[in-house]
Amino acid sequence: MMKILSTPVYGRRRLLAASLLLASGMAGAQDNHYAWMQFGSRNSLLYNAGLSRFEDQSAVILNPATLSEAQTSSFNFNTNAVGFNSIRFKDGLGQGFTVRNSNMNVLPSMASGVLKPKKDQKDFVLGYALYHTNTDNLKFANRAELKQDILNNTESPGAENYIAQYYLNTKLDEISVVAGAGWNLGENVSLGVSQTFVYRSQSYRDNFSANVLPDRTAGATVDWVGSSYDIDAEYWKVMTYTKLGLTARLDKWNIGMTVSTPTFGLFGSGILMADLSLVNVRLPAGSTGPRKSYLANGRFEKLKVNYKNPLNVQFGASRKFGNTILYGGLSWHAAVKEYTVMSPGEAPFLQPSTSDNVIYTKDALRVWDSKRSVINASLAADVIIRPDYHLLFSVRNDNHYLVLDRAKPGFSMPKKAWNNYHLTIGTQRDFNRSSWVLGVRINTGTNKEFPQPFSFTDPSEGNFFQGQRKTGQIRSTGAQLLLSYTFKFAAKPQ
């Protein structure tokens, strides 16, 4: 039975260092991407086309100024009807230990509409939408059971039985509600404004355990030795931000620009539960003192949550060449300096809890976040075969914004640190008051130097049996079927 020992100040510091090492797992919208999801009927295939001109009801999301161009009231339902994505992390838990994740989903992504109060004018048009801003899931799991010589031979002659396992499961969901309006400032210039409210929730489970079992029949004098790390965290947050949009209709070009403010937090709550243990170890590693066991355990509820999205500026342009309309778009997100998402503060965690060791809790269990500046670009084309039949194409990138830093105390919940690239193709068919859009999106992303969260390779007492962490190659590929239906309340513009 594990005996939990009280330690003097220097022992607590060593235990803190061990706790932080245990808690230094993989730090990593897709949970680190701004542009994973697509919105709107046409704009879901012509990504960012709605920045420069009115394409569909997603105008209230992309650029509310383009709402002024709407000819009639309408309603749209847009979905990623079926999606499949596969992630392969080669050597993700040490040399030869590959982990995989794949999932298929059926997910509605947007319901939106346009309200044109005055049929004979285009001066003031309203828009609204309820949509999935982001949704993501990542699950990794693997186990190793090996014969290795880990402990010194004076205590345990020969090889020991090494048993280790790793489990990660993160789930992210964002739902947004937006309302806005666009109106004409002049014959060729329009202005728009929208207000978006975002509900974001994320759950996170990160677990690693490693045990070394000496052979007592071979003369071992030490019993079971090991370490474990188990973090369970979740939170929800309601935020809001404002978007200002501007469009200009020139002789041959349509130009659009938007500025979105950083998010402003309204309310939210979080929960943290953690269990870190060292069994029958020496601190510091390699010393000749007696072996001891240590435990840190706690549950912390109703935590204050702080989540930030940065300033965003977007620019788009489009022009018609014969029967083809070409589109281009740029999106810049500012950086966000490191901040605390949630922390239990000075609360009992190291066991047995004392008035001295509670000060270490906020370092070991701090959930932090940081975002680097990101620029994404897109190119699209609408080939008009007939007025009621269009071929739609787009290519775009979706760079990740994660700041990787294992030296920071605590942990970061997002994990996906690779750049994605998307190719989308599809068609649009119009029938009287209805419009159907059907397409396929293909995505791929690779990171050849992705840090291993833990490793089953070269475990030792010095690394608490977590192995020598290096890097592996991670690759993400997927395809989604895009389906959209639009109903117009008037058959012809009024």
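Figures for the structure shown
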quantity	calculated
Estimated inter-spin distance, residue 154 and residue 468, nm [label 7 Å along Cα→Cβ]	2.4 nm
Net lengthening on full extension, residue 240/residue 319 (0.36 nm per residue, minus Cα-Cα)	25.1 nm
Positive-end residue of 360, 345, 380, charge dipole of segment 335-391 with Cβ unit charges	380
Amide N proximity, segment 37-56 versus residue 252 label position 7 Å along Cα-to-Cβ, cut-off under 19 Å	52-53
From phi via Karplus (6.51, -1.76, 1.60), per-residue ³J(HN,Hα) for segment 141-149 in Hz, x at Gly/Pro	7, 6, 8, 9, 9, 9, 9, 9, 8
Alpha carbon centroid spacing (whole Å) that separates segment 218-257 from segment 299-325	13 Å
The chain - charge dipole about Cα centre, Lys and Arg +1 at Cβ, Asp and Glu -1, debye rounded to 20	780 debye
Residues with amide H under 5 Å from that of residue 470, placed H, sequence gap 5 or more	452
Computed lengthening from residue 285 to residue 460, 0.36 nm per intervening residue step minus Cα-Cα distance	62.1 nm
Stretch gain in nm, segment residue 171-residue 330, where the contour uses 0.36 nm per residue and the Cα spacing is subtracted	54.4 nm
Label-reachable residues, segment 386-410, where backbone N falls under 16 Å from a point 7 Å from residue 427's Cα toward its Cβ	386-393
Nitroxide proxy distance, nm - points 7 Å out along Cα→Cβ at residue 372 and residue 347	3.3 nm
Karplus-derived HN-Hα couplings along segment 354-370 (A = 6.51, B = -1.76, C = 1.60, θ = phi - 60°), whole Hz, x at Gly and Pro	10, 5, 7, 7, 5, 5, 7, 4, 5, 7, 5, 10, 5, 9, 10, 8, 7
(1) 54, 23, 16; (2) 36, 26, 21; (3) 41, 28, 20, with the label sought being that of the calculated semi-axes √(5λ) of the Cα gyration tensor in Å	(1)
Solvent-accessible heavy-atom area per residue, rounded to whole Å², over the chain at 1.4 Å	42 Å²
Cβ-Cβ FRET estimate between residue 337 and residue 218, R0 fixed at 41 Å, reported to 0.05	0.15
Spin-label zone in segment 159-178 - amide nitrogen under 18 Å from a point set 7 Å from the Cα of residue 102 along the C-beta vector	none
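The values are calculated or read from the model by the stated rules, or taken from the named source; none is laboratory data. Bear in mind the structure is a predicted one, so any value in this text is a computation, not a measurement. Using ideal geometry, Cβ is built from the backbone for each residue, glycine included, and neighbour counts are taken over all protein chains shown. The protein model used for the area step is the full one, side chains on, heavy atoms only, and it has no ligands, DNA or RNA in it. Shrake-Rupley method; radii C 1.70, N 1.55, O 1.52, S 1.80 Å.
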